[in-house]
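Notes for the one structure printed next.
The values are calculated or read from the model by the stated rules, or taken from the named source; none is laboratory data. As the structure is a computational prediction, the values presented were derived from the model and not from experiment. FYI the Cβ positions are ideal-geometry reconstructions off the backbone, even for glycines, and counts take in every protein chain you see. For the accessible areas, the whole protein counts, side chains as well, though only heavy atoms, and no ligand, DNA or RNA atoms are used. Shrake-Rupley method; radii C 1.70, N 1.55, O 1.52, S 1.80 Å.
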Amino acid sequence: KQWYQRRVAITAGGEGSPFIGFSGFAISGLSTSQDYAFWFLQFAFAATASSIVVGAIAERTKLASYFVFSMALTGLVYPVVVHWVWSATGWASTALPAPSRLFGVGAIDFAGSTVVHSVGGLTALIACILLGARKGRFEEDGHVNHLPQQSTLLQTTGTLVLWIGWYGFNTGSALSITGNMAVICGNVVVNMTISAAAAGLTSAALSRFFNGSLDVPVVNNGILTGLVSVTAGCGVVNAYTSLIIGFGGAVFYFSACKLLLWLKIDDAVEAVPVHLAGGVWGTLAVGFFAVPEHVETLYGTASCGILYRSHCDPGNAEKQLAAQVVIVLANLAWSGVMATLVFGGLKLAGWLRVDEESERVGLDTAYHGGNAYEVDVITPKALPEKEGTEMTDNLI
């Protein structure tokens, strides 16, 4: 409902300041099928930004707080950042007249590494800090306990569903598949595939080397981080540099996971490393790897990444990197302050965290009438020992 009422006005209203849009409330002014299709695409992006937070604060958050922060995030916080980057009047938009663009080039975020993922990831980080860790997650001496998780099979299935769905998200951001946009869409899907695969393989190697095992959830989240990382630049980078972006995304993700544990910040699904760390890296990567021909096709600006500085107008590569840094910092400031106000207010009102008994029995039982998963614990029968062979504890 919040997105219905405010999205067009705040994000892309025809009338507005560089900070926020003023017209188009309750989708007034939309009339064509293209208008409604565009609205639906942006609705999906808004829902994504909100859902990022949900996973991070799972297992100890009051139901009412979900409604409050979801309305605040999709109704105000997220739309403002959208307006900055994707509207025709936002201060960081590439759609502004050349003299008015940020550093003369504007900030490039093709499908939302900052606009969607960093907004949701930073909000999740603030929420986790103010909410506190789940009971039993951290010991006084700093030891980290690994709490029970849901099915790895379901998580892997969900990762594959997200991966496939992501192709629609990012190609949809081209807003057309005719003419040169068809070439751009082809570039987008190739770059996404390579970045996701590179990040997944890198995460597997990091898990094996540092954790001593090939942890499937780590690989799954690595894949998602590769997709987050390439989302900003998938329309303007090439296949070779998308490999680097995926590799870098995995390193950022894995490092952020370790940092959160060291700081005793409990993110139940590693949403912050995936979406915030991956989103920041991906947005900055545009400033290094944007190909001038793709930038010209999409945005009409004679800019490029640092790697191609000799192929675009002098100084524009450095300006592009500067624009990417500025939009990252601006989003961190805006989303960080707004998330602190929202979740700080919920905490002061006593609406944020559930009571200890509800957390102990589980929120499915406390709030929703029973367990979501009926799981029977099956103990394997002891196998007979063969002569000269010792039984191990690792039978399954």
Fill in the blank from the handout: Residues meeting the amide H criterion for GLY16 (H placed from the backbone, H to H distance under 5 Å, 5 or more places apart or on another chain) are PHE22
Practice task
Between beta-carbons, use under 14 Å as the cut-off and find the net charge around LYS264, counting Lys and Arg +1, Asp and Glu -1.
Solution key: -1
Completion exercise
Note, the range 33-42: 3J(HN,Hα) by Karplus (6.51, -1.76, 1.60, θ = phi - 60°), whole Hz, Gly/Pro = x, goes 5, 5, 4, 6, 5, 5, 4, 5, 4, 5
Practice task
Mind ranking 180-191, 321-332, 272-283, 117-128 by how tightly packed they are, going by the mean number of other C-beta atoms within 10 angstrom, highest first?
Solution key: 272-283, 117-128, 321-332, 180-191
Completion exercise
Residues meeting the amide H criterion for THR61 (H placed from the backbone, H to H distance under 5 Å, 5 or more places apart or on another chain) are VAL354
Completion exercise
Looks like the range 87-206, by Cα gyration tensor root eigenvalues a ≥ b ≥ c and the a/c under 1.5 rounded cutoff (else prolate when a/b is bigger than b/c, oblate otherwise), is oblate
Practice task
Compute the FRET efficiency between VAL183 and GLN155 as 1/(1 + (r/R0)^6), taking r as their Cβ-Cβ distance and R0 = 41 Å, and round to the nearest 0.05.
Solution key: 0.70
Exercise for the section: Within 10 Å, count the other beta carbons around each residue, average over each peptide in 97-106, 243-252, and list them highest first. Expected result: 243-252, 97-106
Problem - Residue-by-residue Karplus 3J(HN,Hα) for the range 300-308, coefficients 6.51, -1.76, 1.60, Hz, glycine and proline x - result: x, 10, 8, 10, 6, x, 3, 4, 10
Completion exercise
Highest mean packing first, using Cβ neighbours within 10 angstrom, the peptides 354-362, 226-234, 48-56 sort as 226-234, 48-56, 354-362
Problem - Distance (nanometres) between label positions extended 7 Å along Cα→Cβ at GLU140 and ASP35 - result: 6.4 nm
Handout entry: Angle between the chain longest axis and helix 316-348 axis [Cα atoms, degrees, rounded to 10]
Key = 50 degrees
Problem - Two-site FRET efficiency, ALA98 against ARG360, from Cβ-Cβ distance with R₀ of 56 Å, rounded to 0.05 - result: 0.40
Practice task
Classify the range 149-244 as rounded, prolate or oblate from the Cα gyration tensor: take a ≥ b ≥ c as the square roots of its eigenvalues, call it rounded if a/c is under 1.5, otherwise prolate when a/b beats b/c and oblate if not.
Solution key: oblate
Problem - Accessible surface of the chain [probe 1.4 Å, protein heavy atoms]: carbon and sulfur percent - result: 65 percent
Problem - Non-local Lys pairs in the chain, i.e. 8 or more apart or on different chains, that have alpha carbons under 20 Å apart - result: 6
Problem - Cα shape, the range 211-277, gyration tensor, a/c 1.5 rule - result: prolate
Practice task
Would you mind computing, in nm to one decimal, how far apart the modelled labels at PHE43 and PHE22 are, each placed 7 Å from Cα along Cα→Cβ?
Solution key: 2.8 nm
Practice task
Please work out the average accessible area per residue across the chain, using the 1.4 Å probe convention, and give it in Å².
Solution key: 48 Å²
Problem - Candidates ASP35, ASP141, ASP313: whichever shows maximal mean-square fluctuation once the chain is modelled as a Gaussian network with Cα springs under 10 Å - result: ASP141
Completion exercise
For the chain, the longest principal axis of the Cα atoms and the Cα long axis of helix 63-72 enclose an angle in degrees, to the nearest 10, of 10 degrees
Fill in the blank from the handout: Helix 239-262 sits off the longest principal axis of the Cα atoms of the chain, rounded to the nearest 10 on a 0 to 90 degree scale, by 50 degrees
Handout entry: Per-residue ³J(HN,Hα) for the range 285-297, Karplus 6.51 cos²θ - 1.76 cosθ + 1.60, θ = phi - 60°, Hz, x for Gly and Pro
Key = 4, 4, x, 9, 10, 5, 8, x, 5, 5, 4, 5, 5
Practice task
Work through the residues other than ALA56 whose Cβ is under 12 Å from its Cβ and net out their charges, Lys, Arg +1 and Asp, Glu -1.
Solution key: -2
